[in-house]
1. Going through the stretch 7-33 one residue at a time, which ones are surrounded by fewer than 20 Cβ atoms within 10 Å (Cβ to Cβ) and among the hydroxyl-bearing types (Ser, Thr, Tyr)?
2. Does Leu193 qualify as being hydrophobic (A, V, I, L, M, F, W, C) and either closer than 17 Å to Leu137 by Cα or modelled with pLDDT under 85 (or both)?
3. Under 8 Å between Cβ atoms, which residue pairs at least 6 apart in sequence (or on different chains) link something in the stretch 93-108 that is surrounded by 11 or more Cβ atoms within 10 Å (Cβ to Cβ) and aliphatic (A, V, I, L, M) with a partner that is modelled with pLDDT under 90 and not in a helix (DSSP H, G or I)?
4. So how many residues does the stretch 52-81 have that are closer than 22 Å to Val19 by Cβ and not hydrophobic (A, V, I, L, M, F, W, C)?
5. Could you give me the residue pairs with C-beta distances under 9 Å whose first residue belongs to the stretch 196-213 and is more than 15 Å from Trp6 (Cβ to Cβ), whose second residue is among the aliphatic types (A, V, I, L, M) wherever it lies, and which are 6+ apart or on separate chains?
6. Given the conditions (1) within 26 Å of Leu78 (Cα to Cα); (2) crowded, with 19+ Cβ neighbours inside 10 Å; (3) modelled with pLDDT under 95, which single one is not true for Val134?
Amino acid sequence: MTIRNWIRFFMMTLLVGGVTTGIVGITVRWSELSTQFAGEDSIEILSVIVWMIGVGMTFSVLSQMGYFAYLTIHQFGLSIFRSLKLWNWVQMVLVAFVLFDLVYFRFEAFADDGDSLLPYFSLAAFLLVVGIIVALLKAKQAKNKMIFPSTLFFMVVVTTLEWLPVLRSNENYWLITIMFTLIATNAYQMLALPKYNERSKKDREARLARKAAREQEAKAK
């Protein structure tokens with residue numbers, strides 16, 4: 001990827017994170033924030049929105065770090081197991097393990113005596129469903145079914161790791177808001193990267209063509 005397209009990719013992911021957090025954050029806290037909006041305190045309203053967008057952008061940077069770290073891990077996995085099929089099975093096992101941990105350890109850490117385990121399945125189930133949808137879209141985009149496990153691994157395992165700072169607090173507002181932010185930014189990166197790679201390829205070809213034309217023009221003189 002060229003530097004120009006990497007900057008575009010970075011800025012768009014930043015925008016996706018900020019906008020998602022702003023929309024979801026206001027929606028989740030609407031009953032609380034509606035009184036401020038009704039009071040028409042423009043400065044306070046603007047400060048809340050800007051703060052939420054700033055939080056979203058911060059987590060979008062974390063999301064991008066996780067994505068490029070995953071690309072490196074993926075290559076290590078392929079080199080260690082020397083088989084895409086075997087590496088895919090390993091990734092699927094890790095997906096199951098992380099989903100189990102997401103339910104069990106949150107229940108152990110935050111459940112009160114007599115609480116049911118079922119409510120703790122909701123976040124893990126939602127993350128899994130979204131991960132499957134994104135993985136199906138990615139496999140269709142790449143026209144390669146073998147990419148499904150890797151995409152699901154990224155959407156479940158890497159998203160959960162990026163989500164850990166919020167998972168430890170167990171505050172519903174932040175759990176939901178940051179979950180949607182990370183899902184949006186990770187899905188965008190996974191599905192949009194090929195477009196930027198293709199654009200970079202065309203930019204390089206155009207640059208080489210211009211260079212060749214200049215050389216031909218210089219020889220003609």
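1. Looking only at the stretch 7-33, we keep the residues that are surrounded by fewer than 20 Cβ atoms within 10 Å (Cβ to Cβ), and these are 7-8, 10-12, 14-15, 19, 23, 26-33.
If the condition is that a residue be surrounded by fewer than 20 Cβ atoms within 10 Å (Cβ to Cβ) and among the hydroxyl-bearing types (Ser, Thr, Tyr), then Thr27, Ser31 are the ones that fit.
2. Working: hydrophobic (A, V, I, L, M, F, W, C): yes; either closer than 17 Å to Leu137 by Cα or modelled with pLDDT under 85 (or both): yes.
Taking the combined requirement at face value, the residue satisfies it.
3. If the second residue must be modelled with pLDDT under 90 and not in a helix (DSSP H, G or I), the pairs left are Val103/Leu117.
4. Counting residues in the stretch 52-81 that are closer than 22 Å to Val19 by Cβ and not hydrophobic (A, V, I, L, M, F, W, C) gives 8.
5. Taking only residues 6 or more apart or on different chains, not a single pair turns up.
6. (3)
The values are calculated or read from the model by the stated rules, or taken from the named source; none is laboratory data. Small disclaimer: the values here were computed from a predicted structure and weren't measured. Reconstructed Cβ throughout: ideal geometry from the backbone, glycine too, with neighbour counts over all protein chains shown.
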